[in-house]
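Q: If you scroll down you'll find the structure; I have some questions about it.
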Amino acid sequence: MRILGPVCVLEWMAWGARVFLGRAGSGGWMGVWWGLGIWGVGECQAGAEPFLGRWSGEWRAHQSRMHAVRRELEELGEPVVGQTVPHFGYLHPMRPAPPPESPWLQVDLGQSMRMDGVALIPAQVDWHPQARPSHGFPKRFRLDTSDDERFSTFSELGSYTEEDFPDPGIAPVWVRAEGRKGRYVRLTVTKLAEENGRYFYALGELMVLSGNRNVAVGVPVQASASSNFQPRWGLPYVVDGKSALGPPIRRELLPYDGLYSGPDPEGRGMPWMAVDLGRVVALEEVRLHPVHARLGADIPGFSFPAPLIVEVDREGDFVQAKDLVPVRAELGSPGNNPVTLRGGGVEARYVRVRCGGGAGGM
């Protein structure tokens, strides 16, 4: 809101279109990454009061909302940023000149879904200069959604193609979808980043938020071109749920860090943990939050089970259990990132996590 008066200019801006502002859900899988700026309020508020007049009710409503957001941020804890996994994300091949056609990247959600918004997570690398906190974020781009894989018809989510987009730093860029529906979400880059005469762009993660879920985790993804430099860069890494963003933390120490199942001293089988949900429910997804202890095991993803086996069952005996990880493969340490497994609406009451690697602890 901008109010022009004889005394001053009051400007309140929530970075809704440029910096992620909001919470993915009450579960706090990502917490709140925020940008809330107020300019000129303290210096000229007294002089502006007579001018506000009929806007005073709206002004008080904005003030009340800002105080509520600040209280919510304080309750969530401090944001944590750090590259705790070897994956950086997606990297477009570096070229001596921009490609003749705008490069694109798109995800397939599997079905048409209602979307609240799309979050673009900037890539963070080990060697970027202090003056440039993000690596290769697109200079100009647009986001669209469609039910057609070729985007012969589409709905625009956001277009930032008229001027260079400011470097977002470590903060996610949030593009509102306002409830639009679509199966495919495409990022089209109309102006690439440039470094030492080479043109490219990079992205740490692309998230599509629907309610309190990131429905883009683990979905099929394709791009007009891609670099594959293991273990740093790869096309699947842009939807693997792993980024430099971490959950918010509280500064005070808690008497616990989570649950640790020590190794079976007799080596009789796989250690496991099970949860009884109390009744049969339709499971859309299961999230596993790794331990990053602040007392003792100060290691991101400490003793996360690998290979991982997650089973769900209606009865609790797990005789006819459904495995949410169909391939018992090494998922690797998630660092400070939660691991999201799709449930697909399967009905179950019990969830069991097992370490497929033997009798070690988890």
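Q: In segment 212-221, is there at least one residue being on the phi > 0 side of the Ramachandran plot and either modelled with pLDDT of 95 or more or among the charged types (D, E, K, R) (or both)? Steps first, please.
A: Residues of segment 212-221 on the phi > 0 side of the Ramachandran plot: 218.
Next, only the ones that are either modelled with pLDDT of 95 or more or among the charged types (D, E, K, R) (or both) stay: none.
Within segment 212-221, not a single residue is on the phi > 0 side of the Ramachandran plot and either modelled with pLDDT of 95 or more or among the charged types (D, E, K, R) (or both).
Q: Scan segment 217-246 residue by residue and report those that are crowded, with 20+ Cβ neighbours inside 10 Å and assigned to a helix (DSSP H, G or I).
A: Across segment 217-246, the qualifying residues are Tyr237, Val238, Val239.
Residue-by-condition table, conditions (1) touching an Asp or Glu at 6+ places or on another chain (Cβ under 8 Å); (2) within 16 Å of Gly117 (Cβ to Cβ); (3) touching a residue at least 40 places away in the same chain (Cβ under 8 Å):
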| site | (1), (2), (3) |
| --- | --- |
| Glu163 | no, no, no |
| Arg180 | no, yes, yes |
| Leu192 | no, no, yes |
| Asn212 | no, yes, yes |
| Gln230 | no, no, no |
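Q: Residues in segment 150-160: is at least one buried (at least 17 other Cβ atoms within 10 Å of the Cβ), of a type in the set (A, V, I, L, M, F, W, C) and closer than 25 Å to Arg232 by Cα?
A: No, that holds for no residue.
Q: Something else about it: Residues in segment 115-134: is at least one among the hydrophobic types (A, V, I, L, M, F, W, C) and either on the phi > 0 side of the Ramachandran plot or surrounded by fewer than 16 Cβ atoms within 10 Å (Cβ to Cβ) (or both)?
A: Within segment 115-134, one or more residues are among the hydrophobic types (A, V, I, L, M, F, W, C) and either on the phi > 0 side of the Ramachandran plot or surrounded by fewer than 16 Cβ atoms within 10 Å (Cβ to Cβ) (or both).
Q: Let me ask another. Report yes if Gly110 is on the phi > 0 side of the Ramachandran plot, assigned to a strand (DSSP E or B) and of a type in the set (Gly, Ala, Ser), otherwise no. Give the steps one after another, and end with the answer.
A: Numbers: on the phi > 0 side of the Ramachandran plot: yes; assigned to a strand (DSSP E or B): yes; of a type in the set (Gly, Ala, Ser): yes.
For Gly110, the condition - on the phi > 0 side of the Ramachandran plot, assigned to a strand (DSSP E or B) and of a type in the set (Gly, Ala, Ser) - is met.
Q: When Gln320 is evaluated against the numbered criteria (1) outside any strand (DSSP E or B); (2) at pLDDT below 90; (3) farther than 23 Å from His87 by Cα, which criterion, by number, is the only one it fails?
A: (2)
Q: Of the conditions (1) out of contact with any Asp or Glu (no Cβ under 9 Å at 6 or more places or on another chain); (2) modelled with pLDDT of 95 or more, Gly169 fails just one. Which one is it?
A: With respect to (1) out of contact with any Asp or Glu (no Cβ under 9 Å at 6 or more places or on another chain); (2) modelled with pLDDT of 95 or more, Gly169 is out only on (2).
Q: Failed condition for Ser159, given (1) part of a strand (DSSP E or B); (2) farther than 15 Å from Arg180 by Cβ; (3) touching a Lys or Arg at 6+ places or on another chain (Cβ under 8 Å); (4) of a type outside the set (D, E, K, R), with all others met?
A: Failing condition for Ser159: (2).
Q: In segment 248-262, which residues are modelled with pLDDT under 70 and under 24 Å from Trp272 (Cβ atoms)?
A: Gly262
Q: For segment 191-212, how many residues meet the condition of being closer than 15 Å to Gly136 by Cβ, out of contact with any helix residue (DSSP H, G or I) (no Cβ under 7 Å at 6 or more places or on another chain) and not basic (Lys, Arg)?
A: 11
Q: Pairs please, first residue from segment 302-324 and farther than 17 Å from Val286 by Cβ, second anywhere and in a strand (DSSP E or B) and at pLDDT 90 or above, Cβ atoms under 6 Å, 6+ apart in sequence or on different chains.
A: From segment 302-324, no pairs qualify.
Q: Also: What number of residues in segment 100-113 are in contact (Cβ under 8 Å) with a residue 60 or more places away in the chain and more than 22 Å from Pro236 (Cβ to Cβ)?
A: 3
Q: Just wondering, is there one or more residues in segment 87-107 that are within 21 Å of Gly211 (Cα to Cα), in a strand (DSSP E or B) and modelled with pLDDT of 90 or more?
A: yes
The values are calculated or read from the model by the stated rules, or taken from the named source; none is laboratory data. Values in this document were obtained by computation on a predicted structure and should not be read as measured data. Every residue, glycine among them, receives a Cβ derived from its backbone with ideal geometry; neighbour counts consider all protein chains shown.
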